[in-house]
Every structure is written in C-alpha cells, then in structure tokens.
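See structure below.
The values are calculated or read from the model by the stated rules, or taken from the named source; none is laboratory data. All of these numbers come straight from a predicted model, not from anything done at the bench. Cβ placement follows ideal geometry from the backbone for every residue including glycine, while neighbour counts extend to all protein chains displayed.
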Amino acid sequence: MKIAITGKGGVGKTTLTSLLAYAYAERGFTVLAIDADPSPCLGGALGFPEELIRGLTPIAEMEELIYERTGAQPGTIGGYFKLNPRVDDIPDRFSAVHRGVRLLELGAVKMGGSGCICPESTILRTLVTHILLRRNEVVLLDMYAGVEHLGRATADAVDALLIVVEPTARSLGTAEQIKALAGDLKLTRLYLFGSMVNSADDRGFIRDHSPGLPVLGFLPVDPGVRQADRTGTPVFDAAPALAQAARDLASALDREMKPA
C-alpha cells in the first residue's frame, strides 16, 4: 500500500500520517513513513525519541551525498550531472526506526511548477520513484500542500491520495486545487478525510462541499494531540479515539483498493 497524504497547511496531515503508521504497524505491516514537509515534524507526532530525531538529516540537505550520487560540482550553477543517480540504499541508511515504523525525512526543494532540474530535486524525485515502485512495504508520504514530490512516472504506483481537510471553505478550496493538480498527473484514486471535526454540522459541511471526492472518515478534535506534543508521546497512544479513526481509515482503504 502506497499512500500520499496532502492538504492545506495546518489541517492535520502529519497527525493523520502518524496515526496511520501505527495503525498499519499494529496489523503487522512494515511501514515506511516519509516526511516531505519543509519543517519536518512527523517524528514528533510518531513519538520518536529525541536522540533518533536529532540523528536524522533531510535528504535534500545532504550536500555531500547529493554531489557524490549526481556527480554535480559544489558551488557551480548549471553544468552536467546524473539524472538517474543511485538511491536504493538511502531509505535504510538514512532513516530511523521506532516501534516498527521507519522514518525518512526528504526535506524540500522548490520543484513543482517551477520546473526545477537541479541535483537536489533529481535526488528527491529519483528516491520517491524508487520507494514507490521498488519498496515492498506500506509507504506513507506526508507531503507539503500539493503533489510536488510525485510525477507521471510514479502516479500509477500511488494506491491512494488522501486530501486532509478541515470544515472550512478555504481548506476545501485547497482540496479542489490539489484535485486539479492530481488530475494533471492522471492520479485517479483521490479521497477526502476530514480533520478537526467537532460536530455533525462539520461532517456535513465537508461532505456537502467536497470537490466531487468521496469522504473516507473524520478525525474529531481531541485534547490528546496537544498532550502528546507536550509529553513527546505518540498521538496514537495519547488519543485512543483518533487511533480508532485511523484503524477505520485503514480498513476503508483496504475496501477501496480491492479489485472490482
């Protein structure tokens, strides 16, 4: 199962990714959780020990590795470099593992519509392609708002694109924009998931204003999220109701992925 999770900033993408990671690990799956946010915080939501988090460096910031693998020359602009560098060892070498979940931080390069072709973006795109096409595990890609780490070569390898929304017009407007970007990549398995939901009215607002996408579930507002952040414990442990919502989401994804 390969799942990309996106949405407007601040809607709870990272919280949902951490919950799903432990929901799948609980079922005995090997899980690779990828933090593609410019300000990585997935490790905290997963409750990784501080020493493990401090030992991680986002791949986009590993200049020596990037220069070695691409053949680019430090301090130069332009020039030739490999467009298909070796990346197969990166997920295992530069990640951390805790409670059955492997965490990898990608870091950020301005790619997307900017058309950036640079050593950093080449490494990240090649790495994501390798992970989605070659790794045999549950992969959860916690993305910045958009689909910038995906490309046409990997779109078919994504089993689901989850767009996390809160019950606001702005959040659902972002979901519509993401749907359009995903359509450009021919991504077809798109779903909404409601976050920070307080009431039946909130759930109804999300369903009524969905940009034509099915809603697979909801995360209620839960004080356990703040408590988990303060104590450095996994949200999965601190908020049982949210953990159950993640289990239900994993089951819903199983049903969606079954061949017709």
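Looking across segment 190-227, just one residue is among the small types (Gly, Ala, Ser), touching a Gly at 6+ places or on another chain (Cβ under 8 Å) and over 23 Å from Gly47 (Cβ atoms), and that is Gly194.
From the list Arg203, Arg135, Arg189, Arg170, the lone residue that is out of contact with any Phe, Trp or Tyr (no Cβ under 7 Å at 6 or more places or on another chain), at pLDDT 85 or above and farther than 16 Å from Ala4 by Cα is Arg170. Which of the residues belonging to segment 226-243 are in contact with a Ser or Thr (Cβ under 7 Å, 6 or more places away or on another chain) and either modelled with pLDDT under 95 or of a type outside the set (Val, Ile, Thr) (or both)? Answer for segment 226-243, where residues must be in contact with a Ser or Thr (Cβ under 7 Å, 6 or more places away or on another chain) and either modelled with pLDDT under 95 or of a type outside the set (Val, Ile, Thr) (or both): Pro234, Phe236. Starting from residues that are on the phi > 0 side of the Ramachandran plot and surrounded by 12 or more Cβ atoms within 10 Å (Cβ to Cβ), keep the ones in segment 53-106 and report whichever is modelled with the lowest pLDDT. Ranking the qualifying residues of segment 53-106, first place goes to Gly71.
Only strands (runs of 3 or more DSSP E) whose full extent lies in segment 121-231 are considered here, and the ones with at least 2 residues that are hydroxyl-bearing (Ser, Thr, Tyr) are 190-197.
Any residue at all in segment 244-257 that is touching a Ser or Thr at 6+ places or on another chain (Cβ under 9 Å), surrounded by 16 or more Cβ atoms within 10 Å (Cβ to Cβ) and within 28 Å of His98 (Cα to Cα)? Yes; the residues of segment 244-257 include at least one that is touching a Ser or Thr at 6+ places or on another chain (Cβ under 9 Å), surrounded by 16 or more Cβ atoms within 10 Å (Cβ to Cβ) and within 28 Å of His98 (Cα to Cα).
Let's see how each residue does on (1) of a type outside the set (A, V, I, L, M, F, W, C); (2) assigned to a strand (DSSP E or B); (3) over 19 Å from Leu140 (Cβ atoms):
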site: Ala4; (1), (2), (3): no, yes, no
site: Gly9; (1), (2), (3): yes, no, no
site: Ala33; (1), (2), (3): no, yes, no
site: Pro40; (1), (2), (3): yes, no, no
site: Gly44; (1), (2), (3): yes, no, no
site: Glu51; (1), (2), (3): yes, no, yes
site: Leu56; (1), (2), (3): no, no, no
site: Leu65; (1), (2), (3): no, no, yes
site: Gln73; (1), (2), (3): yes, no, yes
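Here Asp208 meets each of (1) free of Cβ contacts under 8 Å to residues at least 60 places away in the same chain; (2) in contact with a helix residue (DSSP H, G or I) (Cβ under 7 Å, 6 or more places away or on another chain); (3) among the charged types (D, E, K, R) with one exception, condition (2).
The set of residues in segment 30-52 being surrounded by fewer than 16 Cβ atoms within 10 Å (Cβ to Cβ) and farther than 18 Å from Gly232 by Cα consists of Thr30, Pro38. So for segment 229-240 (the condition being over 20 Å from Gly44 (Cα atoms), among the β-branched types (Val, Ile, Thr) and surrounded by fewer than 20 Cβ atoms within 10 Å (Cβ to Cβ)), does at least one residue qualify? No; the residues of segment 229-240 include none that is over 20 Å from Gly44 (Cα atoms), among the β-branched types (Val, Ile, Thr) and surrounded by fewer than 20 Cβ atoms within 10 Å (Cβ to Cβ). Against the definition (more than 18 Å from the chain's Cα centre (by Cα) and not hydrophobic (A, V, I, L, M, F, W, C)), how does Arg189 come out, yes or no? Answer is no for this residue.
In the set (1) charged (D, E, K, R); (2) in contact with a Pro (Cβ under 8 Å, 6 or more places away or on another chain); (3) surrounded by fewer than 17 Cβ atoms within 10 Å (Cβ to Cβ), Lys179 fails one condition alone, (3).
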